[in-house]
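Take a look at the structure below.
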Amino acid sequence: MALSTSNIYGNITIYDNVIYKIVGSTALKCYGVYSLVSRRISDSILSLFGKEPISKGVKVLTSENKTYIEVYVLLKSGVNKEAVVESLKSSIIYNIEHITGMIVKSVNIHVVGVRL
């Protein structure tokens, strides 16, 4: 799905793949995040063949210039879960709104586990 908008510069179309990339790279750069976790079986099968899906661990829904994001992560051992989740949320919101100009309505972080 794509989000289209118009402004004084012309028509702009932002595809969900762009959002996946921004969210994924933001999450992996955030302190305390070990990795993104596949949320579908097909993602896991692709990983077996050495191909990482672009949407691994990220679910995006865009509607009426608003974005809803869900992220599935593994955290590093010994970090404060609440602090990492809040930091990740604010980083994702800032990056999506700054880079794309889209409004982020909600970001849900699902901590699947902790990696030792």
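Derivation of every value follows stated rules applied to the coordinates shown; laboratory data play no part. Just so it is clear, the structure is predicted and the values come from calculations on it, not from any experiment. Here Cβ is always computed from backbone atoms with ideal geometry, including for glycine, and neighbour counts include all displayed protein chains.
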Option label - Rg and Dmax of the Cα atoms in Å computed here, alternatives (1) 16.5, 55; (2) 14.8, 51; (3) 18.6, 53 = (2)
inquiry  = Is there a quick way to get the dipole size of the chain? I mean about its Cα centre, with the Cβ of Lys and Arg at +1 and of Asp and Glu at -1; what is the value in debye to the nearest 20?
reply    = 300
inquiry  = Could you order the peptides 13-20, 63-70 from most to least packed, using the average number of other C-beta atoms within 10 Å per residue?
reply    = 13-20, 63-70
query = Hey, which lysines would be in cross-link range of Lys56, C-alpha to C-alpha under 16 Å, not counting anything within fewer than 8 residues on its own chain?
reply = Lys21, Lys29
Highest average packing first - 77-84, 2-9, Cβ atoms within 10 Å = 77-84, 2-9
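Where both partners of a DSSP beta bridge lie in the chain, what percent of those bridges are antiparallel, to the nearest 5? Display every interim value, and only then the final one.
Working: 15 of 26 bridges.
Around 60 percent of the beta bridges assigned by DSSP in the chain are antiparallel ones.
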